[in-house]
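Taking it in order: structure first as structure tokens, then the write-up.
The values are calculated or read from the model by the stated rules, or taken from the named source; none is laboratory data. It should be emphasised that the depicted structure is a prediction, and the values quoted were computed from it without experimental measurement. Here the Cβ is made from the backbone with ideal geometry for all residues, glycine too, and neighbour counts use every protein chain on show.
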């Protein structure tokens with residue numbers, strides 16, 4: 001984990017709370033289809049913070065048992081605490097102060113229920129099977145991997161090893177995930193390993209009865225790659241979508257983005273799973289999206305999951321930029337250009353607390369307006385796109401910060417944009 005991105009310790013209820021460095025998460029999720037009950041056993045291997053303190057992780061489930069370094073702790077040993085990130089951004093703080101940099105293992109067990117996070121959805125039990133997906137969101141706190149499994153803040157990179165097992169099911173299932181893995185039993189058990197450069201916002205997973213899913217596999221050659229890029233497109237059969245047409249669109253967008261902005265950084269496959277309208281989410285080299293949101297989400301494989309937000313607060317960048325570059329709304333045409341002075345009301349797109357964990361919805365509107373204003377300031381949309389392509393190439397596959405982008409745009413253009421950044425990103429009037 002880049003320690004420089006870790007939030008500073010905070011004192012809460014007399015405890016010094018620190019962000020640990022998570023190295024590995026191992027988990028087993030078992031779905032009992034007859035009882036319609038899911039259970040989880042998970043372990044987290046981590047290094048304590050740079051100073052001694054109580055490590056903070058998150059999990060939006062009710063913990064039944066806890067063990068630290070092989071020693072049983074009360075189930076209440078991971079209370080949720082407000083660390084200053086705002087409503088809903090509480091973290092679970094371990095009821096033990098650990099020596100700086102020391103190595104530990106935390107084991108947890110719990111039933112998997114609807115996550116305690118705004119907008120989270122329950123497990124979709126079906127006759128003889130289950131529909132389940134990670135269904136993340138950046139618009140509310142607690143909507144990344146921590147909905148289902150213990151996880152750190154989004155600056156932290158770690159390996160995730162996940163086993164999914166179906167018990168007492170009478171229907172083979174399909175699993176779609178943006179990683180390599182093994183189908184260990186012909187449709188009822190999978191062993192997955194997500195790579196060590198992933199963060200809590202990276203993993204995508206969809207599980208459903210195989211007869212409810214249509215999958216298409218193909219490949220495409222895109223600029224910057226010597227071998228072809230595999231494409232996996234899926235949909236639920238009850239979703240009204242032309243999967244072949246969507247596959248063709250995805251291929252065209254992938255080729256265009258690679259030529260326009262820079263190389264693909266997500267391995268050898270792109271995964272897309274089609275959902276009902278008004279739904280879309282990006283993952284590393286993958287998306288679950290409605291047809292209308294698909295281009296926006298493919299774009300995020302460059303900006304959002306190619307260049308990742310260093311902190312959750314930096315997530316406004318990829319939503320604002322993707323909206324400016326892909327929107328077809330009359331009030332927000334793609335590549336918009338608008339003169340933008342310093343007289344309008346300030347807007348805070350970057351939440352100031354380092355423990356904040358959401359993207360303001362204004363990213364899609366005021367953020368779009370900011371980029372349209374920068375396009376005008378720089379002398380047209382092509383100039384802005386060149387500037388962002390250079391930013392992508394420098395930062396591809398790495399976390400990037402809000403003020404890092406501001407400094408890049410100033411240096412690239414020769415125009416001091418800091419007054420606009422202060423007023424329309426940090427909200428300083």
Completion exercise
The residue from 141, 150 that alone is under 28 Å from residue 47 (Cα atoms) and out of contact with any strand residue (DSSP E or B) (no Cβ under 8 Å at 6 or more places or on another chain) is 141
Completion exercise
The correct count of residues that are in contact with a helix residue (DSSP H, G or I) (Cβ under 7 Å, 6 or more places away or on another chain) and in a loop (DSSP other than H, G, I, E, B) in the stretch 328-345 is 8
Practice task
Might you check whether a residue that is in a strand (DSSP E or B) and surrounded by 19 or more Cβ atoms within 10 Å (Cβ to Cβ) occurs anywhere in the stretch 364-385?
Solution key: no
Problem - Residues being more than 26 Å from residue 105 (Cβ to Cβ) and surrounded by fewer than 24 Cβ atoms within 10 Å (Cβ to Cβ) - total across the stretch 139-165 - result: 2
Handout entry: Search result, residues across the stretch 197-212 that are farther than 12 Å from residue 130 by Cα and in contact with a strand residue (DSSP E or B) (Cβ under 7 Å, 6 or more places away or on another chain)
Key = 198, 199, 200, 202, 203, 204, 205
Problem - Residue pairs meeting the criteria (Cβ under 8 Å; at least 6 apart or on separate chains; first outside the structural domain of residue 32 (by TED's automatic domain parsing) and over 19 Å from residue 236 (Cβ atoms), in the stretch 112-132; second at pLDDT 95 or above and surrounded by 14 or more Cβ atoms within 10 Å (Cβ to Cβ)) - result: none
Problem - Elements of type strands (runs of 3 or more DSSP E) contained in the stretch 256-301, each with 2 or more residues being closer than 15 Å to residue 138 by Cα - result: 280-283, 286-289
Handout entry: Subset tally (residues that are in a strand (DSSP E or B) and surrounded by 16 or more Cβ atoms within 10 Å (Cβ to Cβ)) for the stretch 2-27
Key = 11
Completion exercise
Over the stretch 351-363, the set of residues free of Cβ contacts under 8 Å to residues at least 60 places away in the same chain and surrounded by fewer than 21 Cβ atoms within 10 Å (Cβ to Cβ) is 362
Practice task
Please state which of the following conditions residue 34 fails to meet, knowing it meets all the rest: (1) part of a strand (DSSP E or B); (2) farther than 21 Å from residue 144 by Cα; (3) touching a residue at least 40 places away in the same chain (Cβ under 8 Å).
Solution key: (1)
Handout entry: Single residue of the stretch 232-250 satisfying the filter (in a loop (DSSP other than H, G, I, E, B) and in contact with a strand residue (DSSP E or B) (Cβ under 8 Å, 6 or more places away or on another chain)) that is surrounded by the fewest Cβ atoms within 10 Å (Cβ to Cβ)
Key = 237
